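Taking it in order: structure first as structure tokens, then the write-up.
The values are calculated or read from the model by the stated rules, or taken from the named source; none is laboratory data. In this text the structure is predicted, and so the values were computed from the model without any measurement. Note that each Cβ is placed from the backbone with ideal geometry, even for glycine, and that neighbours are counted across all protein chains shown. Please note that ligands, DNA and RNA were not included when accessible areas were found on the heavy atoms of the full protein model with its side chains. Shrake-Rupley method; radii C 1.70, N 1.55, O 1.52, S 1.80 Å.
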Amino acid sequence: MRITRLAAVTATFATAALGFTAPQAHAGTMLEFRIKNVTTGKCLQWNGYNKPVTQVKCKVTMKQYWGKAGYMIQSMGTGLVGEGCLTAPTKHEGQVYGRVCSNQKRKYIGWSILSTAPNAKGVIGSASPGYLKVPASNKVVVGKRVSGNRDLWKFIN
């Protein structure tokens, strides 16, 4: 019951509060993708377990490829697909870390993405902490909306 309620809250949050930009029509979605910040032009990178996720120059490396499984965003750069997840603190305005996906009690893992179609643009949100963004500090954090497109992401292959 709790998982169903969480799914409903997350879906409602994603569509109502996040204000997604509608992606262009594409043949399908990507199973694995890189997540590029529209403002900085840099991609999210997995840096290991219990380490902050950072944004760096986009390259073709497994550390920059991600996949979506339910409400989790999983790293392809862990060596074991599905073992490393993008996680956020349970409160607003905190840094995003790479954690073990199965330890859901430890950190919040629920993310909403409207589309991972090639070149789709949109926000990535979490019902509890807020929006995935890159503020002026250039750290990857989650929290309230910011001016400009620092919380807008593009999904590339």
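Quick rundown of the values:
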read-out	value
Selected residue [touching a residue at least 12 places away in the same chain (Cβ under 8 Å), farther than 19 Å from Cys58 by Cα and surrounded by fewer than 19 Cβ atoms within 10 Å (Cβ to Cβ)] from Ser128, Ser147	Ser128
Where Val141 falls short, out of the listed (1) open to solvent by 10 Å² or more (accessible area, probe 1.4 Å); (2) at pLDDT 90 or above; (3) out of contact with any Lys or Arg (no Cβ under 9 Å at 6 or more places or on another chain)	(3)
Among residues of region 66-92, those that are open to solvent by 30 Å² or more (accessible area, probe 1.4 Å), closer than 23 Å to Asn138 by Cβ and touching a strand residue (DSSP E or B) at 6+ places or on another chain (Cβ under 6 Å), counted	1
Test: Val60 is open to solvent by 60 Å² or more (accessible area, probe 1.4 Å) and of a type in the set (Val, Ile, Thr)	yes
